[in-house]
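We did not get these values from a lab; they are worked out from the coordinates using the rules stated. Keep in mind that this is a model prediction, so the values were computed, not measured. With ideal geometry, Cβ positions are generated from the backbone for all residues, glycine too; neighbour counts draw on all protein chains shown.
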């Protein structure tokens with residue numbers, strides 16, 4: 001296997017930059033620049049040189065095989081973060097025979113291949129790198145630390161136990177088996193299936209935490225939607241005008257609301273459109289509002305909003321509170337112009353979305369959900385075969401083996417080769 005290297009920290013000027021080297025010649029390469037290396041997992045300051053030319057002073061660390069991120073011999077050079085210094089050190093490493101620049105995600109792929117991470121942990125690491133909010137960080141860290149792996153192993157153990165009980169009756173079919181294993185098999189399989197269904201039920205909320213919630217602001221033309229969006233964003237994200245129908249497309253502003261990633265959508269005013277462009281905008285507004293996780297209905301002098309119905313959990317508020325200060329009892333009034341009611345609105349949005357995210361499970365990706373759904377389907381078929389009697393035992397056992405294989409694919413043990421290139425291509429070079 002090649003020895004690879006790359007900048008593992010962010011590109012650009014910084015106080016410190018970290019260059020990672022991994023593979024069979026990692027220590028040899030580090031020694032070529034730094035001279036005698038410190039003991040494994042001990043840091044030492046060394047002057048880096050290439051062909052007698054000083055490069056930088058660096059903090060050098062080495063990791064033995066099995067103790068590094070990739071599971072291979074590895075070294076890290078913590079150098080000063082000037083662009084010129086980084087380029088010089090990378091150029092020197094590239095001149096060493098047997099070394100090459102790492103491809104996107106190659107360090108993490110080697111960690112998977114060497115058993116340091118499973119596929120669900122790799123996905124958790126990708127989410128942690130991309131995390132923008134506290135909720136995303138916590139969720140990704142839980143997956144990276146092995147929450148999915150531990151749960152999948154527990155499910156798999158019960159399935160293997162159930163399959164083993166069935167195998168006993170197959171192996172000793174010509175003999176009297178003293179105990180009917182059917183009830184215990186059903187108890188084990190139905191218990192696992194129930195837990196898997198709960199994991200699937202929590203998928204929607206977990207996925208929204210990972211990808212972010214969408215909150216659509218809907219209302220009639222000139223109800224104050226764009227002014228409200230600008231107030232939420234703290235900048236002029238949308239054009240505002242006294243002329244009704246100014247907004248023709250959906251304008252998006254992404255924010256952190258109490259640790260949750262939330263995209264607020266300013267939509268076209270809902271009315272019978274006067275021209276083709278406005279009709280397209282209204283249609284897009286209705287489509288996005290229907291698909292949104294939460295809608296804020298901004299009322300003006302009218303008591304309703306056409307084309308979109310209020311769902312349970314939506315927020316209804318009166319806009320332009322600065323022009324109509326007499327608030328209705330029980331109805332939130334907001335003004336994007338003065339900021340009145342904005343704090344209350346954000347609190348309501350936070351409460352509603354936090355309530356939904358509280359039901360989030362450990363399954364965060366569609367690939368994982370599909371693997372679990374397939375496993376549940378096979379388990380249901382296995383239970384049907386067990387109930388059908390001893391003559392169907394072999395078929396029941398095969399369904400359980402299928403279920404176990406689908407749980408193995410959850411962790412990347414089988415049937416995922418076609419996914420790996422796509423997954424690792426999304427990583428940066430240094431991971």
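Computed quantities for the displayed model
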read-out: Sequence ranges 116-126, 4-14, 65-75, 350-360, ranked by mean other-Cβ count within 10 angstrom, highest first; value: 116-126, 65-75, 4-14, 350-360
read-out: The range 3-117: C-alpha gyration tensor shape, a/c 1.5 cut-off, then a/b vs b/c; value: prolate
read-out: Fewest-first sequence of 337, 225, 138, 431 by Cβ atoms within 10 Å of each Cβ; value: 138, 337, 431, 225
read-out: Global form of the chain, assessed from the alpha-carbon gyration tensor, a/c cut-off 1.5; value: oblate
read-out: Cα extents of the range 216-357 along the three principal axes, largest first (Å); value: 40, 33, 30
read-out: Diffusion constant of the range 293-373 at 4 °C, which comes from Stokes-Einstein with the Kirkwood Cα-pair radius and 1.567 mPa s, µm²/s; value: 87 µm²/s
